[in-house]
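Here the structure comes first, spelled out in structure tokens, and everything after it is commentary.
The values are calculated or read from the model by the stated rules, or taken from the named source; none is laboratory data. What you are looking at is a predicted structure, and each value in this text was computed from that prediction instead of being measured. Quick reminder, even Gly has a Cβ in these numbers, built from the backbone with ideal geometry, and neighbours come from all protein chains shown.
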Amino acid sequence: MVSPYHPEAGFTVGNAMGRNKLIYALADYGLVVSADHKKGGTWEGAVEELKRKPGRPVFVRMTGSVPVGNRKLVELGGVAFPGTAGYESPAGLLKKASAEIAIPPEAGDLPLFTQILIGRGIPAMVREASPQDEKKTVEPPVACGVLSATIYEAVLPVIEAALSKPTSAAELATRLAVSKAQLEIWLKQAVSEKKVKKLIKPVRYARRTCPC
């Protein structure tokens with residue numbers, strides 16, 4: 001089972017229409033048994049695939065009681081699906097019919113899936129457009145320093161620079177635009193590593209000038 005939507009997403013018409021893309025993309029060909037004219041998921045999915053170039057062959061039932069939607073799909077490019085007399089199953093007839101259809105690729109089109117059905121409906125290798133010969137500007141690598149492993153390591157130099165003179169945690173938090181609770185966590189670690197010294201009466205923090 002495959003879906004582009006969250007498993008808990010409820011049914012919507014839009015989701016049903018989006019599902020059509022996967023149905024055709026995973027198929028070798030489509031067969032429309034009955035479609036209402038200009039309404040319903042069957043009609044919209046078939047029309048969408050007929051517009052995609054190159055797309056999957058879209059066969060349309062044209063025997064028995066045929067609705068208007070089926071006839072209109074044939075007018076739009078659908079292939080009339082003949083009767084199944086003489087064949088073991090519709091699948092056998094579909095393979096034979098699809099093998100006889102040549103789908104020329106459109107210049108400039110880059111569809112999501114590009115396959116040409118060959119032989120008895122066996123998909124060929126995916127074809128990709130040839131790369132255009134164009135000069136590409138190679139950007140030089142930007143020199144940068146070693147990334148810090150943690151946020152604390154990245155922010156420590158900023159804290160030390162801001163503590164050029166004894167400062168309270170509240171004042172420093174305001175200056176650095178960070179929560180006081182988070183700043184106190186960083187200050188506590190900096191004090192334990194002897195990067196910052198803690199003063200009392202009143203409690204303030206200052207940058208250490210030596211690791212003593």
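Does segment 12-21 include one or more residues that are closer than 19 Å to A97 by Cα, touching a residue at least 24 places away in the same chain (Cβ under 8 Å), of a type in the set (D, E, K, R) and in the same structural domain as A97 (by TED's automatic domain parsing)? No: zero hits.
Filtering segment 181-204 to residues that are modelled with pLDDT of 90 or more and more than 20 Å from T150 (Cβ to Cβ) leaves K197, K198, L199, P202, V203, R204.
Criterion first (loosely packed, with under 12 Cβ neighbours inside 10 Å, at pLDDT 90 or above and at negative phi) does P141 satisfy it? No: the conditions fail for P141. Within segment 44-53, is even one residue of a type in the set (D, E) and either in contact with a His (Cβ under 9 Å, 6 or more places away or on another chain) or under 16 Å from L94 (Cβ atoms) (or both)? Yes: one or more hits.
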